[in-house]
Amino acid sequence: MTPDRTLEVRWFLPGAIPETAAAWFDSLGPDVTPESRTDRYLVPTESADLGLKVREGRVEAKQRTRTLHATLANGRVEAWRKWSLGTADAHPEPGWLSVAKTRRQRHVRVAGRARCSLELAALTVGGEPWWSVCLEASGETAAARWRALRAGARRWNVGELTLPPEASKGYP
């Protein structure tokens with residue numbers, strides 16, 4: 001099984017999505033239909049570089065292969081590998097954390113099959129509201145992923161949102 005490889009810059013902030021962030025996302029193009037679901041994440045005990053989640057009945061693993069020294073729009077760029085491992089029981093168990101999310105995504109394609117997705121998500125974790133912004137680039141080569149990430153950042157001008165660097169981190 002070949003993993004998907006991505007470059008990601010993600011921010012998590014407490015509270016509901018501010019109106020300024022929602023207006024910024026809306027200004028980037030036509031309406032985007034929101035997608036809602038609840039994912040379950042295995043709470044990491046030793047390594048924050050490996051994440052395991054159950055998403056819509058599928059088990060998915062995600063491994064951070066490195067945090068790059070590069071930053072983009074005040075965020076840390078992280079390299080990830082992802083696998084879809086099959087199906088799972090969706091009942092909550094100890095050690096798992098449920099995260100309800102409603103997200104909207106926009107996409108930009110660059111040469112070949114490389115692309116960058118921009119996500120704005122409202123999250124509920126342990127009954128508390130959070131929100132997140134993510135740029136996620138995929139492509140067949142590291143160079144293609146970098147081109148897609150830079151193209152997405154230019155297209156969406158994430159820097160205008162003033163996301164704090166200390167809020168930049170991956171899900172695990």
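A Förster radius of 22 Å combined with the Cβ-Cβ distance from ALA16 to SER98 puts the calculated FRET efficiency at roughly 0.75.
Summing charges over neighbours of LYS62, with a neighbour being any other residue whose Cβ is under 9 Å away from its Cβ, gives +3 when K and R count +1 and D and E count -1.
Per residue, the accessible area of segment 44-172 comes to 54 Å² when a 1.4 Å probe rolls over the protein heavy atoms. Taking every alpha-carbon pair under 8 Å whose residues sit at least 6 apart, segment 26-172 reaches a relative contact order of 23 percent. Below 16 Å, Cα to Cα, which lysines can LYS169 reach? Residues fewer than 8 away in the same chain don't count. Filter leaves LYS62.
Protein heavy-atom surface of the chain, 1.4 angstrom probe: 52% of the accessible area is carbon and sulfur, with nucleic acids and ligands not counted. For segment 18-56, GluC sites (Glu not before Pro) are listed when DSSP marks them as loop and at most 13 other Cβ atoms sit within 10 Å of their Cβ; the list is GLU46, GLU56.
Note that segment 91-172 shows a convex hull volume over its alpha carbon atoms of 137 Å³ per residue. Checking every one of the trypsin sites (Lys or Arg not before Pro) in segment 107-163 against DSSP loop status and a limit of 15 other Cβ atoms within 10 Å picks out ARG113.
Measuring how big segment 35-78 is from its alpha-carbon positions, Rg and Dmax come out at 13.2, 35 Å. Using the alpha carbons alone, the radius of gyration of the chain stands to its Kirkwood radius in an Rg to Rh ratio of 0.94. Between segment 143-167 and segment 21-80, the alpha-carbon centres lie 14 Å apart.
The values are calculated or read from the model by the stated rules, or taken from the named source; none is laboratory data. Since we're looking at a predicted model, the values are computed, not measured. Methodologically, a virtual Cβ is constructed for each residue, glycine included, from the backbone with ideal geometry; neighbour enumeration extends over all protein chains shown. Ligands, DNA and RNA are excluded from the accessible area calculation, which covers all protein heavy atoms including side chains. Shrake-Rupley method; radii C 1.70, N 1.55, O 1.52, S 1.80 Å.
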